[in-house]
Amino acid sequence: MIRYRGRNQCQITLCDQLRSLVASVTVAHPLLVKLITTARVKTDVRDTLHLAQLLAAGLIPAVWIPPQDVRELRALIAHRTRLIRQRTQAKNRLRSTLHRYNIVPPPGGLFTPAQRPW
């Protein structure tokens, strides 16, 4: 049994690496494992023994780890969202600069293909 605390991406990477070495990997939900938080004496050895007993009894509340293809799609969507946010920020900065210096753009949409030469 391995106890590990870390960020989500580190946990997923470690989980992927361990799956090729062991029969099964269970990632416990830390907030739902009540036995460890209510223990009076907390040591790594005792916590590990309690987790092993819970795992043997099938009482570990497991966290679902999405497959690799789902994680890649999520990363792609998150990247697209960041790019759209950056595009919106750039447009807002340009509008603000035009407004600050009292520059009136030609009629029509400011970011249309027809306005690109301007």
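Some notes on this structure:
- Charge dipole (debye, nearest 20) of the chain; +1 at Cβ of Lys and Arg, -1 at Cβ of Asp and Glu: 680
- Solvent-accessible surface of the chain, averaged per residue with a 1.4 angstrom probe and all protein chains in place: 83 square angstrom.
- Tilt relative to the chain, helix 8-19 - C-alpha long axis, 0 to 90 degrees, to 10: 50
- Of the trypsin sites (Lys or Arg not before Pro) in the range 10-48, the ones in a loop by DSSP (not H, G, I, E or B) with at most 15 other beta carbons within 10 Å are 40, 42.
- R0 of 30 Å, Cβ-Cβ distance residue 74-residue 116: FRET efficiency to nearest 0.05: 0.35
- Across the chain, C-alpha contacts under 8 Å between residues 6 or more apart give a mean separation that, scaled by the residue count, equals a relative contact order of 20 percent.
- Among 105, 67, 30, residue whose mean-square fluctuation peaks in a GNM of the chain (springs only between Cα atoms under 10 Å): 105
- With every protein chain in place, the chain: carbon and sulfur % of accessible area (1.4 Å): 59
- The spread of Cα positions in the chain, taken along each principal axis and listed from longest to shortest, comes to 73, 34, 18 Å.
- In this structure, residue 59 and residue 10 have a Cβ-Cβ separation that, at R0 = 35 Å, corresponds to a calculated FRET efficiency of about 0.85.
- Between the listed residues 48, 31, 83, the Cα displaced farthest toward the positive end of the dipole of the chain, a dipole computed from Cβ unit charges relative to the Cα centre, is found at 83.
The values are calculated or read from the model by the stated rules, or taken from the named source; none is laboratory data. Small disclaimer: the values here were computed from a predicted structure and weren't measured. A quick note on method: Cβ atoms are made from the backbone with ideal geometry, for glycine too, and the neighbour counts reach across all protein chains shown. Heads up: the accessible areas ignore ligands, DNA and RNA and are worked out on the full protein's heavy atoms, side chains in. Shrake-Rupley method; radii C 1.70, N 1.55, O 1.52, S 1.80 Å.
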